[in-house]
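Asker: So that we are looking at the same thing, I have put the structure below in structure tokens.
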Ligand SMILES: NC(=O)c1ccc[n+]([C@@H]2O[C@H](COP(=O)([O-])OP(=O)(O)OC[C@H]3O[C@@H](n4cnc5c(N)ncnc54)[C@H](OP(=O)(O)O)[C@@H]3O)[C@@H](O)[C@H]2O)c1
């Protein structure tokens, strides 16, 4: 019934117990144009990080949940560090931040690529080299003490490295959080994905969930990074979009609590907008939101949308 993951790890990235693979019958999502509109499956162990020599993950294990209640948000025209700024969503976040008057530090793997793809000759934009797999110390240098917030829009690149999702979507995100902790940066926005907790949602047989986890346990890597953020004490907003589209937004934004949506899609332009609204809206603090767009959804304000999601 459950789909065992056909991956062989010398150091398994997490312990998959039998009960994690025995969730009830899975519901297959209705759309299939994008694996993200299909996913489902379930992870759990939030503390077991594998050791990969080629990747640095320097964060100490966080053993106690920190009950941070300060509602600090980035308001006004502050500087925002964007990790994965050359990505399809990342560059939209950069463009929208600049348009809204923020200063932006674009963290990229390839500076030349960034210079060619990001807005040029804008004094409010600084491009810095920042590979999230190179450890939190280097990232802290890149973010430095002039950044007020970090938005993470990274995603591993498909290739032959089956560990890439763990290196980027898990360790890389943890490294960013640790860099923020070192610097005292207390606002972190993560672009994650719906169905990261698909197993707990009874979506273990969702084709998108299977597809993305078969390649390097991508969704499980993301979920563990989310759990690290949530225990870190940092003021976070985790945004889990449905399948991403480059087309302009259509319909209205639907925002639901964690582990609710199992299909649907959304324009990357709208994901970028939600990330920036999360920065400025106090109602977004310490929340996980799942987003898609639907033509029949009512138009609602961001204050109303974020306000309708409970902190957990
Ligand atoms: N595709 C979907 O339908 C979908 C749905 C839901 C959620 N998501 C998630 O949403 C996020 C954004 O997706 P997207 O499609 O916009 O991403 P994308 O276009 O694939 O961009 C990914 C970005 O991450 C960067 N990156 C990769 N490895 C890195 C590393 N080691 N250090 C620093 N940066 C690194 C890439 O840099 P380079 O430009 O140098 O390659 C690129 O800028 C991802 O986390 C993705 O998993 C995707």
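Asker: Go through segment 130-148 and give me each residue that's touching a helix residue (DSSP H, G or I) at 6+ places or on another chain (Cβ under 6 Å) and either assigned to a helix (DSSP H, G or I) or under 18 Å from residue 93 (Cβ atoms) (or both).
Answerer: 130, 132, 136, 139, 140, 143
Asker: Name every residue in segment 240-254 that is surrounded by fewer than 24 Cβ atoms within 10 Å (Cβ to Cβ) and either within 16 Å of the chain's Cα centre (by Cα) or within 11 Å of the ligand (Cβ to nearest atom) (or both), in order of residue number.
Answerer: 243, 244, 245, 246
Asker: Please pick out the residue among 107, 90 that is in a helix (DSSP H, G or I), within 11 Å of the ligand (Cβ to nearest atom) and within 22 Å of the chain's Cα centre (by Cα).
Answerer: Every option except 90 fails the conditions.
Asker: Among the residues of segment 111-127, which ones are in contact with a helix residue (DSSP H, G or I) (Cβ under 7 Å, 6 or more places away or on another chain) and within 11 Å of the ligand (Cβ to nearest atom)?
Answerer: Correct list: 117, 118.
Asker: Run down 236, 286 and say which single residue is over 24 Å from residue 203 (Cα atoms) and surrounded by fewer than 22 Cβ atoms within 10 Å (Cβ to Cβ).
Answerer: 286
Asker: So which strands (runs of 3 or more DSSP E) are wholly in segment 198-312 and hold at least 2 residues that are touching a helix residue (DSSP H, G or I) at 6+ places or on another chain (Cβ under 7 Å) and at pLDDT 95 or above?
Answerer: 236-241, 243-245, 252-257, 287-294
Asker: Hey, another quick one. Which of the residues belonging to segment 259-269 are in contact with a strand residue (DSSP E or B) (Cβ under 6 Å, 6 or more places away or on another chain) and within 14 Å of the ligand (Cβ to nearest atom)?
Answerer: 261, 264, 265, 266, 267, 268
Asker: Just name the residue that is farthest from the ligand (Cβ to nearest atom) out of those in segment 149-185 that are buried (at least 19 other Cβ atoms within 10 Å of the Cβ) and in a loop (DSSP other than H, G, I, E, B).
Answerer: 185
The values are calculated or read from the model by the stated rules, or taken from the named source; none is laboratory data. Small disclaimer: the values here were computed from a predicted structure and weren't measured. FYI the Cβ positions are ideal-geometry reconstructions off the backbone, even for glycines, and counts take in every protein chain you see.
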